[in-house]
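The values are calculated or read from the model by the stated rules, or taken from the named source; none is laboratory data. Just so we're clear, the structure is a prediction, and the values are computed from it rather than from any experiment. Don't worry about glycine lacking a Cβ; one is built from the backbone with ideal geometry, like all the others, and counts go over all protein chains shown. These area figures cover heavy atoms from the full protein model, side chains too; ligands, DNA and RNA do not enter into them. Shrake-Rupley method; radii C 1.70, N 1.55, O 1.52, S 1.80 Å.
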Amino acid sequence: MKVVGQPLPHEGARGHVTGEALYADDLCGRFPGLLHAWPVLAPHAHARVTRLDAAPALEEPGVVTTLTAGDAPGEANTGPNRHDEPLFPDEVMFHQQPVAWVLGETLDAARRGAARVAAEYEPLPAVLDIEQALAAGSYLTAPLRLADGDVSVLESSALRFEGELRIGGQEHFYLETQAALAWRDEAGYIAVYSSTQHPSETQEIVARVLGLPRHAVTVECPRMGGAFGGKEVQANASAAVAALGAWKTGRPVRVRLTRAIDMAITGKRHPFLVRYAAGFNADATLRALRAELYSDGGWSLDLSEPIMWRALFHVDNAYRLPAVEVVGRVCRTHKTSQTAFRGFGGPQGMLLIEEVMAQAAQRLALPADVVRSRNLYREGQATHYGERVDDAERMGTIWSQLKSSSAFEARRAEIAAANARSAHVKRGIAITPVKFGISFTAQFYNQAAAYVLVYRDGTVQVNHGGTEMGQGLFTKIQQIAADTLGVALARVRVMSTRTDKVPNTSATAASSGSDLNGAAVADACRQIRSRLAAVAAGMPDGEWREFAAVCEAAYRQRVPLSASGFYRTPDIHFDPRTGRGRPFHYYAFGAAVSEVEVDGFTGAYRLLRTDILEDVGDSLSPVVDRGQIEGGFIQGVGWLTIEELLWDEAGRLATAGASTYKLPSWSELPPVFNVSLLERAAMPHVIMGSKAVGEPPLMLAISVREALREVVAAFGSGVVTFDSPATPERIFFAVQRVRALRPALT
Amino acid sequence: MSALAFVLNGREVEIGEAAAQTPLLDLIREQGLTGAKEGCAEGECGACAVLVVDADGRPGKSALRVVNSCLMLSALAAGREIYTVEALATNGVLSDAQRAMAGAGGSQCGYCTPGFVVSLFAEQHRPDRTGPCEDEALAGNLCRCTGYRPIHDAAAALGAAPDGPLLRRLERAAPVLHAVSVGGFSRPATVGECVALLAATLDARLVGGATDLGVERNLRAKTWPHLISVEAIDELQQFTSTPERVLIGAALPLREIGERWRDAPDAVHEWLTLFGSPPIRNRATLGGNLATASPVGDGAPLLMALDAVLHIAGPSGSRTLPIAQFFTGYRKTALMPGEMLTAIEIPKPLPQSVRFFKIAKRRADDISTVALGVSLDVDRGRVRRARWAFGGVAATPLRVVEAEAAVSGGPWNADAVARVQAVLDKTLRPVSDHRGSKEYRLEVSKSLVEKYYWELQS
């Protein structure tokens, strides 16, 4: 029986529920003589290090050594592309930046030692937000630009408006903080357990810092306790420190950031400032859009440039933009280096166009869903970067199916009637679409390799370049391998990700994990399968049915039982100079309807119901896919509502802990939560007809923001705007603004 | 068993004086039991959750309480019996809670899962549970992957707890906490001993459930020359309700207040539900909440609205103090050196109307931006007595006496609301911080008065 498409539980579920699943830091007990690391953190957002004397730390009992600039035999810089992240900086670039590390026999000893390192600083002026960066001309990139059509028609549009939108960042809050464990291996080289989405890049950075060739460094990712983009680049520094410590001392070294330090020093989703002008025709179709997008990139480049590109690619969301000019620029500020986070700039780009659609609806006095649906892509239309939107009719199908299944029109009427009767507690409902481009926009990342081993007893080990962070990649890989080889699921073991099994891997990111690695694994399995078929053909009738017997026969006939598989995504290209191309292999589509209730006295709100219809192609693994949709949606709800990153005047993150930074908990789960997958949705030219599912559902949460806007509007009159996240405070004041007259007390 | 030892999954573990102030989580993980994990080190995420066998209302029997092992300083485990996720499967056969979580797709990355499993297991084994497992029981666990729906389904799928070693264990009494006195840690058995210890060790710090102290330990690496645990003092665990008053022992965990004060006004039960999460309420105490004197603590506003009286013991005997006089400044109280809270008394009859409002970013388990405790007695159309007590609007919890005078003796109507709001405009001086701006704090405080009025009308 086929296992692809079956609703199987997560491949690691048993280990998860028993506590037997091991994460990088759970392996400490296997390393006698383990040393623990603690950073020396700078108390300034921007400063010159005028003196750093680590010697006093050595007087602290239990401190073994310190790591400072002179200790790296290679280049002590972890910046992946520009080499712009010194591991031991002489210029502090953000508050709490580590300037040195202390290694101790215990974590407490290392921590006490770090407190004794004598560091002196000369504070320098700091740039702490986008406005300050614009005033100071502080940027990490040149302007990036996409344009299409004649935007000058904007001025003569029937409806013309402009505005500004501030979009907050987001902390990943992977439950497992950054962790790495490094030791000298049997050959005297370096081995690292790292909680990383990108083992090959972690290997590259460790090799760079130690001045070693890459074959001297082995990185293994056992599994991750969540990542969401936050361990794509940001895992490298912890691994580099652990490796440098192990190299220097010859002893195993563990780095595990505490939550407070992790939040203080690792990058987040980029805050954005967007300035826009939009023109609409009288029939509510968009005529032209002009916008400037500024992101707060923090102190170093990281992935900020491709993130801005993806924001620019997604300013259309699911809407046809006949004339557009969007310019994006990454600001350099004295903050953590903002990084990848589920959606990778797409969410910020989409929030802009959804703001524009909502305001157009209010200004034209039309229901927002009408304005949105009139602008949805139609078959044959192309994006503002020239890529035809294949299967655009799926968007319309999803829209109408979801409106019907969620009883959208009837509920909206019922809500309007109820709101008229309730002065202080009101409800609102909204529907929003998502179209999300699938592929890394850096073309060369769109490749994957796999190495599949079949043993004589018919059991299988699958190695591939993807990492498991909870998204269910290993479950899907196991299913793909089992079906392609034609064996039972239990025969297939998916190995942890190691750079000595599959080299030069891409990050597990961009929702591409199963598309790329699944195809590579299937390629390897098909090679073995065809070799085995030849062997089986020569076997007596009863015997060839038994997979193990065929494997044994193949072995005895000297037929190889291992194979490398490979996959490269076909037909994708993009030219950043012209802003034209086909950067995406295909688009993922979906839509959500959300209903919320707001208490006008306080601004407090509750999400009452959400209905989602998502196009995942032919689902490889329905339980996994539904989990991605629900989890991504709730994570998006957090980003747009209660998750608020705040920095104080000194540039210190004021919300650096779970008690001050609130992620969604049980109280944010809507009591009614219906998730459906689009039927008859097989996607040609993608592994087994499936579509990517990791990132797109996050942006379905925009339906919650738009439902909040509907409720606020019901409290009064006027155009409703509020920045993101829509905290209870922002909703409270938005209600106050639209309440022309507060209802008189009776 | 030595004075500083506990039983972990049936095996005795020595704590050792050096580890007395080490988080229990670290000690457990050093035993090779790595299921419990550090997620936040603040008692917010529940990834470190473990089960403590604790006394139950049923004589001679016991119950499983979920606690955050990251906040529990190891010495506080002395004499206790503790189980981790590793103890829940029997001979490789998963427990119901584990099977339900795995089957429902309740784990993705799996890092938070042992904590959820432990909470779900305790909820399934809750002796007074009659209906399905309550979602609220899992409110002390955070998951970043699933969005909670499958975990909700797993909880809903659980029936009665099946027979098993842990269920049978609950038919026997929990270990009785004995007095402990070792270097740097004491657990006296009486108030008298405790006061004497306080007098003898001036640098000693009292500890109840350590839900605040544990955070100081983890975030600021704080250690204390001497800790005195009040958990073994029976008098501090009392709860009595008579026609004249309710008396709540200062060290009674918050959970038990709700369980034992069954006929309390709805406001009290709502207040307790908003007061931390279940693992926090299993450990946190009202005495600790008041003595830490946080301006955003949830305890004071409602207790002020109820005219609570604090019972204090000290070197020169016992005294009582109205709660309105207790907070003397930011994180400062009227406790003299050597004094301790022993009980919180709530006089009866209770006000005709009492409410507690909490404004926060997240609806559950968040710290107040603003809290309001309000009570009102109206006689023949005239306000006889009103209390407006706020958290989050000043350096201390604040009873706004002027607003009481503004409505006293007059009718309770829209004009009275406006008069209270006018007083708040003049007297509240909130500050801006990461929880809310000063403008929001002031405006929402005024708005809450109106909300209270409106809800009373309708």
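With respect to B:Gln98, determine if the residue is open to solvent by less than 10 Å² (accessible area, probe 1.4 Å), farther than 25 Å from B:Ala41 by Cα and in the same structural domain as B:Ile151 (by TED's automatic domain parsing). So B:Gln98 fails the test.
Give me the residue from the range A:581-612 that is in contact with a Leu (Cβ under 8 Å, 6 or more places away or on another chain), open to solvent by 10 Å² or more (accessible area, probe 1.4 Å) and over 23 Å from A:Gln170 (Cβ atoms) and, out of that set, nearest to the other protein chains (Cβ to nearest Cβ). Ranking the candidates gives A:Glu597 first.
Considering (1) farther than 30 Å from B:Asp153 by Cβ; (2) facing chain B (nearest Cβ under 10 Å), the lone condition that A:His685 does not fulfil carries the number (2). For B:Gly43, the conditions (1) more than 11 Å from every other protein chain (Cβ to nearest Cβ); (2) crowded, with 22+ Cβ neighbours inside 10 Å; (3) not aromatic (Phe, Trp, Tyr) are fulfilled apart from (1). For the range A:642-693, a residue qualifies if it is open to solvent by 10 Å² or more (accessible area, probe 1.4 Å), assigned to a strand (DSSP E or B) and of a type outside the set (A, V, I, L, M, F, W, C), and the qualifying residues are A:Asn674, A:Ser676. When B:Ser353, B:Ser458 are screened for being farther than 21 Å from A:Ala734 by Cβ, of a type outside the set (A, V, I, L, M), within 14 Å of another protein chain (Cβ to nearest Cβ) and surrounded by fewer than 19 Cβ atoms within 10 Å (Cβ to Cβ), only B:Ser458 passes.
Residues that are in contact (Cβ under 8 Å) with a residue 12 or more places away in the chain and of a type in the set (Gly, Ala, Ser) number at least 1 in the following strands (runs of 3 or more DSSP E) confined to the range A:503-615: A:562-568, A:580-582, A:586-599. Pairing residues of the range A:8-35 that are touching a residue at least 40 places away in the same chain (Cβ under 8 Å) with residues that are open to solvent by 50 Å² or more (accessible area, probe 1.4 Å) and in a helix (DSSP H, G or I), at Cβ distances under 7 Å and at least 6 apart in sequence or on separate chains, gives A:Pro9/B:Gly103. Just to verify a result, which residue in the range B:400-429, among those that are open to solvent by 20 Å² or more (accessible area, probe 1.4 Å) and within 30 Å of A:Asp648 (Cβ to Cβ), is nearest to the other protein chains (Cβ to nearest Cβ)? So the residue we want is B:Asp425. Taking the criterion of being more than 11 Å from every other protein chain (Cβ to nearest Cβ), polar (S, T, N, Q) and open to solvent by less than 30 Å² (accessible area, probe 1.4 Å), the residues of the range A:11-70 that qualify are A:Thr65, A:Thr66.
Evaluate the following for B:Val374: is it touching a residue at least 12 places away in the same chain (Cβ under 8 Å), open to solvent by less than 10 Å² (accessible area, probe 1.4 Å), away from chain A (no Cβ under 11 Å) and part of a loop (DSSP other than H, G, I, E, B)? When the stated conditions are applied, B:Val374 does not pass them.
In the condition set (1) open to solvent by 10 Å² or more (accessible area, probe 1.4 Å); (2) in contact (Cβ under 8 Å) with a residue 12 or more places away in the chain; (3) in contact with a helix residue (DSSP H, G or I) (Cβ under 7 Å, 6 or more places away or on another chain), B:Pro243 is compliant with all but (3).
Does A:Ala126 satisfy the condition of being within 14 Å of another protein chain (Cβ to nearest Cβ), among the small types (Gly, Ala, Ser) and open to solvent by 30 Å² or more (accessible area, probe 1.4 Å)? Against the criterion (within 14 Å of another protein chain (Cβ to nearest Cβ), among the small types (Gly, Ala, Ser) and open to solvent by 30 Å² or more (accessible area, probe 1.4 Å)), A:Ala126 does not qualify.
Go over the candidates B:Ala334, B:Ala291, B:Ala308 one by one and state the one that is closer than 27 Å to A:Phe601 by Cβ, of a type outside the set (Ser, Thr, Tyr) and not assigned by TED's automatic domain parsing to the domain that holds B:Ala137. Going through B:Ala334, B:Ala291, B:Ala308 in turn, the sole match is B:Ala308. Note on the range A:460-484: residues that are within 14 Å of chain B (Cβ to nearest Cβ), open to solvent by less than 10 Å² (accessible area, probe 1.4 Å) and over 10 Å from A:Val494 (Cβ atoms) total 3.
Residues in the range A:426-459 that are outside any loop (DSSP other than H, G, I, E, B), surrounded by fewer than 23 Cβ atoms within 10 Å (Cβ to Cβ) and of a type in the set (Ser, Thr, Tyr): A:Tyr445, A:Tyr451. Within the range B:205-212, is even one residue touching a Ser or Thr at 6+ places or on another chain (Cβ under 6 Å), assigned to a loop (DSSP other than H, G, I, E, B), at pLDDT 95 or above and within 24 Å of A:Leu175 (Cα to Cα)? Yes.
The single condition from (1) at the interface with another protein chain (Cβ under 9 Å from one of its Cβ atoms); (2) within 26 Å of B:Arg217 (Cα to Cα); (3) surrounded by fewer than 24 Cβ atoms within 10 Å (Cβ to Cβ); (4) aliphatic (A, V, I, L, M) that B:Leu138 fails is (3).
Looking across the range B:16-40, just one residue is open to solvent by 10 Å² or more (accessible area, probe 1.4 Å) and more than 14 Å from every other protein chain (Cβ to nearest Cβ), and that is B:Glu17.
Just checking, does the range B:115-127 include any residue being hydroxyl-bearing (Ser, Thr, Tyr), within 26 Å of A:Pro697 (Cβ to Cβ) and in the same structural domain as B:Asn9 (by TED's automatic domain parsing)? No, that holds for no residue. Just one of the numbered conditions (1) open to solvent by less than 40 Å² (accessible area, probe 1.4 Å); (2) away from chain A (no Cβ under 14 Å) is not true of B:Tyr453: (2).
Listed by first and then second residue, the pairs with beta-carbon distance under 7 Å, at least 6 apart or on different chains, first residue in the range A:179-194 and in the same structural domain as A:Leu107 (by TED's automatic domain parsing) and within 19 Å of A:Pro39 (Cα to Cα), second open to solvent by 10 Å² or more (accessible area, probe 1.4 Å) and basic (Lys, Arg), are A:Ala179/A:Arg256; A:Leu181/A:Arg254. The set of residues from the range B:141-170 being small (Gly, Ala, Ser) and either surrounded by fewer than 19 Cβ atoms within 10 Å (Cβ to Cβ) or within 13 Å of chain A (Cβ to nearest Cβ) (or both) comprises B:Gly147, B:Ala154, B:Ala155, B:Ala156, B:Ala157, B:Gly159, B:Ala160, B:Gly164. Only one of these is closer than 30 Å to A:Ala734 by Cβ, open to solvent by 40 Å² or more (accessible area, probe 1.4 Å) and modelled with pLDDT of 95 or more: A:Arg498, A:Arg412, A:Arg493. Name it. Of the residues listed, the single one that is closer than 30 Å to A:Ala734 by Cβ, open to solvent by 40 Å² or more (accessible area, probe 1.4 Å) and modelled with pLDDT of 95 or more is A:Arg412.
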